[in-house]
Amino acid sequence: MNIFEAYNETKKALENAGIEDYVFEAKQIIKYITGFSNAEILMNYTNRLTGYQQNRLTAIIRQRELRYPLQYIFGEWSFYGRDFYVGPGVLAPRADTETLIEKSLEFLKGKTAPLILDLCAGSGCIGITLAALVSDSRVLMVEKFPEAAEYARKNISRNGAANAALIEGDIFEGAGAEECGYDLIVSNPPYIPEGELDAVSPETKYEPETALAGGGDGLDFYRAIAGNYGKSLKKGGMMLFEAGIGQAAGIKKILNSYGFSQIGAAEDLNGILRAVFAVRG
Ligand code: GLN
């Protein structure tokens, strides 16, 4: 089988398995098993796969037919142009979350040596990206679960983010709140309402429920963070959350009830209000 045939076969198998992004995924899979770039694939599409590559491909297609996440199969995923280790036990980075990076960069522009706190950090993709992009920043990340924290630590080294640190702790107990004067507190907390957990995508079912379940109405973490961390922000500092679909209004209400001002929201690339923010007055 040559590369072109393998690509077509992969596309067909993934489409039959009901995978929406089968074209994108097939391309990623061929790149992964050949180690080729897009350009190299185009120049070498009649190359025959080795036996090893063919076996890898068959195994990957089997796993995707069971809807095991592609991010876990590769063991790494790209977020805002940087690569992060991922795997079972940690939520895979999503493109939607890049909205938080955009908003953070806009807010931090022109601030000198900002202090940033990333709560429920998971793989660390938010905190590490900000540490890498915001010069002279210092970033503290808080993650409760040791398995996820291990990925975050590896991702700090992988991305050479010497200005980022991680502690294991619980946001319901205010971990990381002792330090005051943060310019930005950012979080993509678990936010799926209890009753909707069964309806997540087949891939998300393989992801840790602890990274998804946000309590009865999905908003438990926003209440806890707004309540426990407001005083850790500098005056004029920003609290910035990722929101699930249809949650922006509820989160704004919470921020309002804790006395925040300049409350707003920003859309992701799909037009969903994905980032909700507010300033400590
Ligand atoms: N965006 C994720 C999903 O829809 C949920 C992540 C989260 O709860 N923070 O699967």
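Below is a table of values for the structure above.
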| quantity | calculated |
| --- | --- |
| Prolate/oblate/rounded label for region 210-281 (Cα gyration tensor, a/c 1.5) | oblate |
| Long-range Cα-Cα pairs in region 74-170 (distance over 22 Å), rounded percent | 20 percent |
| Unit charges on C-beta of K, R, D, E only; dipole of region 162-240, Debye | 500 debye |
| Listed residue (Ala226, Ile192, Gly216) projecting farthest to the positive dipole end of region 157-281, Cβ model | Ala226 |
| Rough spin-label spacing in nm, given labels placed 7 Å along Cα→Cβ, for Ile245 and Leu133 | 2.5 nm |
| Local electrostatic count, Ile41, Cβ distance below 12 Å [Lys/Arg +1, Asp/Glu -1] | +1 |
| Reduced Cα scattering model of region 135-281, Debye log10 I(q)/I(0), q = 0.09, 0.14, 0.16 Å⁻¹ | -0.29, -0.73, -0.96 |
| Region 219-256 versus region 86-110: alpha-carbon centroid distance in Å | 16 Å |
| Cα-centred dipole magnitude for the chain, charges only on beta-carbon of K, R (+1) and D, E (-1), debye, nearest 20 | 600 debye |
| On Cα atoms only, tilt of 220-229 relative to the major axis of the chain in degrees | 50 degrees |
| Using alpha-carbon coordinates, inclination of helix 3-16 to the longest axis of the chain, degrees | 60 degrees |
| Residue order, fewest to most beta carbons within 10 Å, for Cys120, Cys125 | Cys120, Cys125 |
| Pairwise Cα inverse-distance average, inverted: Kirkwood Rh of the chain (Å) | 19.9 Å |
| Gaussian network model of the chain, springs between alpha carbon atoms under 10 Å - residue of Arg48, Arg138, Arg94 with greatest fluctuation | Arg48 |
| Calculated FRET efficiency for the pair Phe172/Arg48, C-beta based, R₀ 45 Å, to 0.05 | 0.20 |
| Estimated distance in nm for a label pair at Phe24 and Lys235, the labels positioned 7 Å out from Cα along Cα-to-Cβ | 4.5 nm |
| Surrounding net charge for Asp83, when Lys and Arg each add one and Asp and Glu each subtract one, Cβ distance under 10 Å | +1 |
| Residue of Ile41, Ile225, Ile29 that the Gaussian network model of the chain assigns the largest fluctuation, springs spanning Cα pairs under 10 Å | Ile41 |
| Net +/- balance of residues flanking Lys154 in space, Cβ distance below 15 Å, scoring K and R +1, D and E -1 | -3 |
| Per-residue Cβ neighbour rank within 10 angstrom, fewest leading, Glu20, Glu168 | Glu20, Glu168 |
| Contact order relative to length of region 16-92, as percent, for alpha carbon pairs under 8 angstrom and 6 or more apart | 20 percent |
| Antiparallel DSSP beta bridges within the chain, as percent of all bridges there, nearest 5 | 45 percent |
| Region 8-155 - charge dipole about Cα centre, Lys and Arg +1 at Cβ, Asp and Glu -1, debye rounded to 20 | 240 debye |
| Positive-pole candidate from Leu66, Thr204, Val90, dipole of the chain, charges at beta carbon | Val90 |
| Label-to-label distance, nm, for residues given as Met1 and Glu106 (7 Å Cα→Cβ offset) | 4.5 nm |
| Region 30-113 - Rg (one decimal) and Dmax (whole number), Cα, Å | 17.6, 55 |
| Gaussian network model of the chain, springs between alpha carbon atoms under 10 Å - residue of Gly87, Gly250, Gly35 with greatest fluctuation | Gly35 |
| Antiparallel bridges, percent of DSSP beta bridges restricted to region 153-281 (to nearest 5) | 60 percent |
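Read-outs: derived from the displayed coordinates by stated rules, not from any lab. Bear in mind that the values here come from a model prediction, so they are computed numbers and not experimental data. Here Cβ is always computed from backbone atoms with ideal geometry, including for glycine, and neighbour counts include all displayed protein chains.
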